[in-house]
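Just below is one structure, and these are the notes that go with it.
Please treat every number below as a calculation from the coordinates, not as lab data. Predicted model only: the values in this text are computed from it and were never measured. When we count neighbours, we look across all protein chains shown, and the Cβ atoms used for this are built from the backbone with ideal geometry, even at glycine.
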Amino acid sequence: MSDLIIDQYRLQLSINPTFLLPEKATVIFLHDSLGCIELWRDFPNHIALKTGLNILSYDRQGYGKSAPFSTSKRDIDYLKNEAIILEKIINNLNLKNVILFGHSDGGSIALLAAALFPEKINAIITEGAHVFVEPETIEGIKKAVIAYKNTNLKEKLTQYHQDNTEAVFSMWTETWLSEQYESWNIEKYLHKIQCPSLIIQGEKDEYGTIDQVHSIVNNTSGNSASLIIPNIGHTPHKESPEIILEKVTEFINTLY
């Protein structure tokens, strides 16, 4: 594996030996609100081995081993801003055939990128993506705040985010729990998504309901399929990796 730094973001190139061969598509993994490259574990490499495609994952600014946040507060459009930066990364690496795999915040970024830059994105896969704020989302984040104070959650996150840990957690919780963010909604962008999409969610997702999936599938212009996994929560690729690997591979194989 090798790292690149682009616009304060740490990018990690796949161990797949075919990485960046122009005839191969590239799957870009977009982590969640507390995630980073390392927290994907070996899942991206399993996708590479199953599909033969290039893979790329990266730490957004403030996360993992990227540069610290440049601000102490987020704009309500921070996920849209991340989609714009993603397009810059795609252009910088001259990627021509891109599939996005986004988890949670990363899923919302994938949706926005496909809507804003339809000519750049060939397909998207999301897990636990949000397109609007629900009471379940707020309740889940409030429980995470309690866990951060009373359990070893902070210690676990520090293994991955080091000195950025406090900022990573507070940026997430303070943004989503703010009064301003109650009105956040990106459903107006969904009709601009023209590419195929696979929209995944755990039936017991603690941060959102199946209404998120229904909104995405019903409002995108491209061929969109849902995958609801029974008895699991917000992180399907960790809670049910065999099913996700199988279904994602099947979806990718329909594209080529």
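Couple of notes before you dig in:
- Exposed loop sites are taken as GluC sites (Glu not before Pro) in a DSSP loop (any state but H, G, I, E or B) with at most 11 other beta carbon atoms within 10 Å; the longest stretch of the chain without one runs 24-118.
- Lys, Arg +1 and Asp, Glu -1 on Cβ, resulting dipole of the chain about Cα centre, debye, nearest 20: 500
- Cα convex hull of the range 156-238, projected area averaged across orientations, nm²: 7.1
- Computed over the range 25-112, the Cα gyration tensor eigenvalues convert (square root of 5λ each) into semi-axes of 22, 15, 11 Å, ordered from largest to smallest.
- Helix-only CD estimate at 222 nm, as mean residue ellipticity for the chain, using -39500 (n - 2.57) per DSSP H run (n ≥ 4): -11500 deg cm²/dmol
- Karplus-derived HN-Hα couplings along the range 131-138 (A = 6.51, B = -1.76, C = 1.60, θ = phi - 60°), whole Hz, x at Gly and Pro: 10, 7, 8, 10, x, 5, 5, 4
- Neighbour net charge for F251 - beta-carbon separation under 13 angstrom, K R +1, D E -1: -1
- Dimensions (Å) - the chain, Cα atoms, principal axes, largest first: 48, 38, 32
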